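S.K.: Submitted below is the structure of interest, expressed as structure tokens.
None of the figures in this text is laboratory data; all of them are computed from the coordinates on show. Since this is a predicted model, take the numbers as computed values, not measurements. Positions of Cβ are backbone-derived with ideal geometry, glycine not excepted, and every protein chain shown enters the neighbour counts.
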Amino acid sequence: MAEMWISMGPQHPMTHGLWTLKVKVDGETIVDADPELGYLHRSVEKMGERRKYFMNTTLTDRLCYASSTTWTHCYALSVEELMGVEVPQRAQYIRTIMLELQRLASHLMWAGAYMPDLGHITGALYFWRDRELFLNLLELPSGSRLLYNYIRIGGVKRDLPDGFEEKTERILKLFEQRLDEYADLFENSKIFRMRTEDVGNFTASQAMNLGITGPNLRGCGTKFDLRKQDSYEIYDEIDWEIQTREAGPGYGDCFSRYMVRIDEMKESVKIIRECFKKMPAGPTMASKVPIRASGDAFRRTEDSRGEALMYLVGDGSDRPYRWKIKSPMFTTISACPHYLKGYKVADIPSIMGSIDICIGETDK
Amino acid sequence: MEITKFMKKLSSHKGVSDVALIRDNVVKLDLGKEDSKDFFISLKEDYGFEHCSLISAIDNQPQFELVYHFSVIEGSIFIKDSPKTVMIEIHIFLERDTPTIESVSDLWFGANWHEREAYDLMGIYFLGHPDLRRVLLPEGFAGHPLRKDYVYEIHEEEW
Amino acid sequence: MSLFSFCRWMAEWTANYMLIPVFDFQKNLFPPFSHPAGTIADWLGTDGGLDTLAWTFAVNIAFAIGMTNLILVIHLERKIAARIQDRRGPMLSFRSFRELGEDLAGEAPSWRFKDNYSGIGILQNMADGIKAITKELIVPAKADKFLFTMGPIIFISSSVFLLVLFPLSDRFAASSAPAGLMVIMAAFSIAPIGVLTSGWASNNKYSMIGGMRSAAQLMSYEIPLLLSMAGVFLLAGSFDPVTIVEQQQEGTWLFGLPMWNFIPQFLGFIVFMICILAEVERVPFDLPEAEAELVEGWTTEYSGIRYMLFLAAEYIRGFAGAAVCTILFLGGWAGPWPIPPEIWFLSKVYLILIFWIFIRWTVPRIRTDQILELGWKKLLPLSLINILIVIFMVEIYPYFSDIVNLPEVF
């Protein structure tokens, strides 16, 4: 069979959204790849220039459908940096709890989407069943299940409802039991390991140069987590570890990326528990939040998928003059020819699934 | 290398001005357009900034401003008694008539699509870029919509 | 009474009371129908005519039983898959019909608010079938139209053909050939040609890769599959299902239980179970239609009833594969007396099917190069070792036991 280009997408089970991956194959081996984006481009940055600072939190919610709180939080943090707003202690704790709940939901969404990529439909239903638990939890304070708009500039929308801690504890306990059960079905399964081990390898130094961050970089054994390395909210007051895993000396494969996310979920459970223990009383919103800003500022946060960065320029009015979003998936997808080459067509969903694509944030 | 020492070293580079510490781990500086490539090479090779976080283009009316964010992941620059890693924010100003600059995507592959996006939405031309096409907007789209003088109605029919 | 004698009796009855009078009447009505060599009515009176009619009945009965089982298997798969996935599976089918009926009768929809309402989930198959029939049969503009139509015909007809080839018991068989199992395996091997044909004719890259994968997969599992069956044939000395099943009842092991073939030929049993899974293209070996990377593989361009028949044919092949496995290794229709042998046979078949359903919904799919490696590097040596064991049992041990008076083990 001669070499040929196959166009996967924009409607393809592998894509997890709307994008096209053109792969050049020689028989079943991938020779070259060319990703194409833009099907979901909503010009968030341009829209943001027309809206006031506090209005933009609805846009940031819609950046990523799997992990909307983390993006709103990144925006709120950047605007607070720009305006010089101090967030009350209790609001920081609540934000941390919400971020970790969102991270759990996002990782579960990823795990559920990854299993059908490997031909394992049951895994999807298991993980999405558990995701429901966390969506229910996120619904309690924010009032909605997908786009929360809970984190606001200067704090959070409202305090946690009564009984939130007990409900969370109950669900976390159930979730921990279930994760242990799933170990037999997934990471101890021979076929699962055959499909994921030694597939989609890249070394840590390659990953840094390609712009890959987050769990994908930690899957290469690099201890780089912005929650520690550029700490925000109260992550430096809490006792937790950066979860890393490597497939070999300095490189990671799909399985190590899978395991990093599973370990991260366990770590998130620990963080949430400790937050509840240490949470002080007090207000949940800064007393004074300006609506105008000038100068420029940026903050970066550890999104569920990697390094999220928002760069804001204000010109003294109540609207941002320029608002630039860095999406971790944008660079990770751009690098896909590097880590797809040499593998089989059947490995494409396995590799592209393991890096956790979210096209909403990628196309902005 | 401690961050204060690093800042001192930065000032000695050609074209660098206004080196400042804007947060405890973020260094900000202005850079001349002509000396940018040499500076970026030494930033990667000598100081170990492995990761290109973001390239943003701003339309400052009249000139353009490029803001580069680079970060250290495992490099040698550190802050005393802190797990935080160092970032650098570089501002480069471009004339409106010649919005061109040398590409850094051969140094950091992660910069490749950021440059494509800056070209796509703001019309900055990166010299030496291997594949400078539109990335978010469709091929054949007229104009660069994030420019402040962009008017949508003009280009509607062309596209 | 065997199936054939029952059908023969039915054929006689039909010929005497229904067909011959009709043909005679026709002959009188239209003289041109009468022929000097004899009419259809004359032929039906002979033994040959009655035998032919009886075989037709037998084949139709086997076909009907196979199709009934098909519906049961699909329903079983849905239900078990649902239970594995913490769901309930199809519970209500034709719900809208029921609602419509109640609307027409002017009653309030009664079922809607009952929490213990259960419908007839098995009718979901009918609903799917009706839906598939009403869909358009799309042929892509640049497809090879002849081969595009031939592909499904090859695949489906060779699969349906399987239904009449295996016996449910020694008395319940629609076909009896001395080389019965060889014919079954030959019929099994036709389908990949249909897959390759339709994959190529679709003029779609995904379909073509799917078809190519099917061919590659065929090369990897077919040889160990037949070699693992060779052990059974050596032991029984025949290709006939009846002989093979009877042979399995001869030996005994613990507590006087019959020594079915899966005990002495454990290696062969494992190899066969893996290879037959690949043969019927179920997870983890459903590479030709890997929906994650190839959309739907070689069935991508098919729509409507063609697509539905592909799915149905796969279940038929699964059912036939489980039946072959039962005959070869699990003692066929043998079982304690009060339950009829046909029921024993079917229950063993369903046991294997349930095992396969569990596999299907709990493991991921493996890769093309991995199945090639598995087939050539692992299964082929194992099946050869199995044949060596059987040769030792059948030829070498009896030879030496005659000379040096060894205890009779095998």
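S.K.: For a test of the definition: using alpha carbon positions, the gyration tensor, and the 1.5 limit on a/c, classify region C:182-224 as rounded, prolate or oblate.
M.R.: The shape class here is oblate.
S.K.: Right, next: What lysines could a cross-link reach from A:LYS278, if we take a straight Cα to Cα line under 18 Å and drop same-chain neighbours fewer than 8 places away?
M.R.: Hits, sequence-local ones excluded: A:LYS167, A:LYS270.
S.K.: Packing-wise, with mean Cβ within 10 Å as the measure, how do C:217-223, C:397-403, A:97-103, A:284-290 rank, highest first? Could you put the intermediate results ahead of the total?
M.R.: Working: C:217-223: 19.6, C:397-403: 11.3, A:97-103: 26.4, A:284-290: 15.4.
Packing order, densest peptide first, comes out as A:97-103, C:217-223, A:284-290, C:397-403.
S.K.: Let me ask you something else. Over every pair of different alpha-carbon atoms in the protein assembly as shown, take the mean of 1/r and invert it; report that Kirkwood radius in Å. Spell out each step's value before the answer.
M.R.: Working: mean 1/r = 0.0310 Å⁻¹.
After inverting the pairwise mean of 1/r, the radius is 32.3 Å.
S.K.: How high is the relative contact order of region A:1-160, given as a whole-number percent (alpha carbon pairs under 8 Å, six or more residues apart)? Could the numbers behind the result be given before it?
M.R.: On the way: 217 pairs, mean separation 30.6, N = 160.
The normalised contact order for region A:1-160 reaches 19 percent.
S.K.: Once each part is reduced to its C-alpha centroid, what is the distance from region C:130-168 to region C:341-363 in angstrom?
M.R.: 26
S.K.: Long-range amide H contacts for B:GLU102: which residues qualify at under 5 Å (H placed 1.01 Å from N, peptide plane, sequence gap of 5 or more or a different chain)?
M.R.: Close amide H contacts, sequence-distant or interchain: B:LEU127.
S.K.: Follow-up. Suppose we take every Cα in chain C and form the convex hull; what volume per residue is that in Å³?
M.R.: On the way: hull volume 93.8 nm³, N = 410.
Hull volume over Cα atoms, normalised by residue count, gives 229 Å³.
S.K.: Using the Cα atoms of region B:3-156, I'd like the radius of gyration and the largest Cα-Cα distance, Dmax, both in angstrom.
M.R.: 16.5, 56
S.K.: Same structure again: Name the long-range amide H neighbours of A:GLU307: under 5 Å, sequence gap of 5 or more, or other chain; modelled H, no Pro or chain starts.
M.R.: It is A:THR213, A:GLY214, by chain and number.
S.K.: Which FRET efficiency, nearest 0.05, do A:SER205 and B:SER76 yield, Cβ-Cβ r, R0 22 Å? If you can, show how the numbers build up before the last one.
M.R.: Working: r = 14 Å, r/R0 = 0.65.
With a Förster radius of 22 Å, E is 0.95.
S.K.: For a quick protection proxy, order the peptides A:241-251, A:160-170, B:83-93 by their average other-Cβ count within 10 Å, most packed first. Display every interim value, and only then the final one.
M.R.: On the way: A:241-251: 17.1, A:160-170: 13.9, B:83-93: 20.2.
The packing order, highest mean first, is B:83-93, A:241-251, A:160-170.
S.K.: Additional query: Can you quote the Å³ per residue value for the convex hull of the Cα atoms in region A:83-140, rounded to an integer? The partial results should precede the final answer.
M.R.: Working: hull volume 4.8 nm³, N = 58.
Per residue, the Cα convex hull of region A:83-140 comes to 83 Å³.
S.K.: A follow-up question, please. Determine how many Å³ per residue the convex hull of the Cα atoms of region A:15-113 encloses. Please list the in-between numbers first.
M.R.: Details: hull volume 13.1 nm³, N = 99.
In region A:15-113, the Cα convex hull volume per residue is 132 Å³.
S.K.: Take the alpha carbon atoms of region A:161-233, find their center, do the same for region B:1-17, and report the distance between the two centers in whole angstrom.
M.R.: 37
S.K.: Then there is this: Rank by packing, highest mean first: peptides A:319-325, C:60-66, C:137-143, with packing defined as the count of other Cβ atoms within 10 Å averaged across residues.
M.R.: Numbers: A:319-325: 23.7, C:60-66: 16.6, C:137-143: 13.3.
Final packing ranking: A:319-325, C:60-66, C:137-143.
S.K.: To continue, here is another question. Before anything else, pin down the relative contact order of chain B: Cα pairs under 8 Å, at least 6 apart, normalised by residue count, whole percent. Write out the running numbers ahead of the final one.
M.R.: Values: 293 pairs, mean separation 30.2, N = 159.
Result for chain B is 19 percent.
S.K.: Also, I was wondering about something else. Over chain A, what portion of Cα pair distances is larger than 30 Å, expressed as a whole percent? Spell out each step's value before the answer.
M.R.: Working: 24071 of 66066 pairs.
That fraction is 36 percent.
S.K.: Taking 10 °C and 1.306 mPa s as the conditions, I'd like the Stokes-Einstein D for region C:161-256 in µm²/s, using the Kirkwood hydrodynamic radius from alpha carbon pairs.
M.R.: Working: Rh = 15.7 Å.
So the translational diffusion coefficient is about 101 µm²/s.
S.K.: Which pairs break 18 Å Cα to Cα here: A:LYS46/B:LYS37; A:LYS22/C:LYS205; A:LYS228/B:LYS8; A:LYS341/C:LYS377; A:LYS324/A:LYS364; A:LYS173/A:LYS266? Before the final figure, lay out each step's value.
M.R.: Values: A:LYS46/B:LYS37 30 Å; A:LYS22/C:LYS205 12 Å; A:LYS228/B:LYS8 26 Å; A:LYS341/C:LYS377 26 Å; A:LYS324/A:LYS364 10 Å; A:LYS173/A:LYS266 11 Å.
The answer is A:LYS46/B:LYS37; A:LYS228/B:LYS8; A:LYS341/C:LYS377.
S.K.: Further question on the same structure: Determine the shielding of peptide C:291-299 by partner chains: average, over its residues, the number of Cβ atoms on other chains within 10 angstrom of each Cβ. Can you show the working numbers first?
M.R.: Numbers: counts 7, 15, 17, 8, 5, 1, 0, 0, 0.
For peptide C:291-299, the averaged partner shielding equals 6.
S.K.: Now, a different point. Per residue of B:17-24, how many C-beta atoms from partner chains lie within 10 Å of its own C-beta, taken as a mean?
M.R.: Working: counts 0, 0, 0, 0, 0, 5, 5, 0.
The per-residue average across the peptide is 1.
S.K.: Using Cα-Cα distances under 8 Å and only pairs 6 or more residues apart, what relative contact order does chain A have, in percent?
M.R.: Working: 723 pairs, mean separation 98.7, N = 364.
27 percent.
S.K.: Continuing with the same structure: Once the piece of chain linking A:GLU132 and A:SER144 is laid out straight, how much longer is it, given 0.36 nm per residue of separation minus the C-alpha distance between them? Show your work: numbers first, answer last.
M.R.: On the way: separation 12, 0.36 × 12 = 4.32 nm, distance 1.25 nm.
Length gained between A:GLU132 and A:SER144: 3.1 nm.
S.K.: Using a basic spin-label model with each label point 7 Å from the Cα along Cα→Cβ, how many nm lie between C:ALA230 and A:GLU241?
M.R.: Taking the two extended label points, one gets 5.4 nm.
S.K.: Hey, what's the Cα Rg ratio for region A:152-271 versus the globular rule of thumb, 2.2 N^0.38 Å? Mind dumping the intermediate values first?
M.R.: Values: Rg = 17.1 Å, N = 120, 2.2 N^0.38 = 13.6 Å.
Working it through for region A:152-271, the quotient is 1.26.
S.K.: While we're on this one: Counting helices only, and only those DSSP H runs with n ≥ 4, report the 222 nm mean residue ellipticity of chain A as the sum of -39,500 (n - 2.57) divided by its residues, in deg cm²/dmol to the nearest 500. Don't jump to the answer; show the numbers that get you there.
M.R.: Values: 15 runs with 173 residues, N = 364.
After summing the helix terms and dividing by the residues of chain A, the value is -14500 deg cm²/dmol.
S.K.: What aspartates and glutamates could a cross-link reach from C:LYS131, if we take a straight Cα to Cα line under 16 Å and drop same-chain neighbours fewer than 8 places away?
M.R.: Once the sequence-local aspartates and glutamates are set aside, nothing remains near C:LYS131.
S.K.: Another one. Ignore the peptide's own chain and count Cβ atoms of other chains within 10 Å of each Cβ in B:68-74; give me the average, rounded. List each step's numbers first, then the result.
M.R.: On the way: counts 0, 7, 0, 9, 3, 11, 6.
Across the residues of B:68-74, the mean count of other-chain Cβ atoms within 10 Å is 5.
S.K.: Need the C-alpha centroid separation for region C:206-237 versus region A:343-364, integer Å.
M.R.: Value for the Cα centre distance between the two parts: 34 Å.
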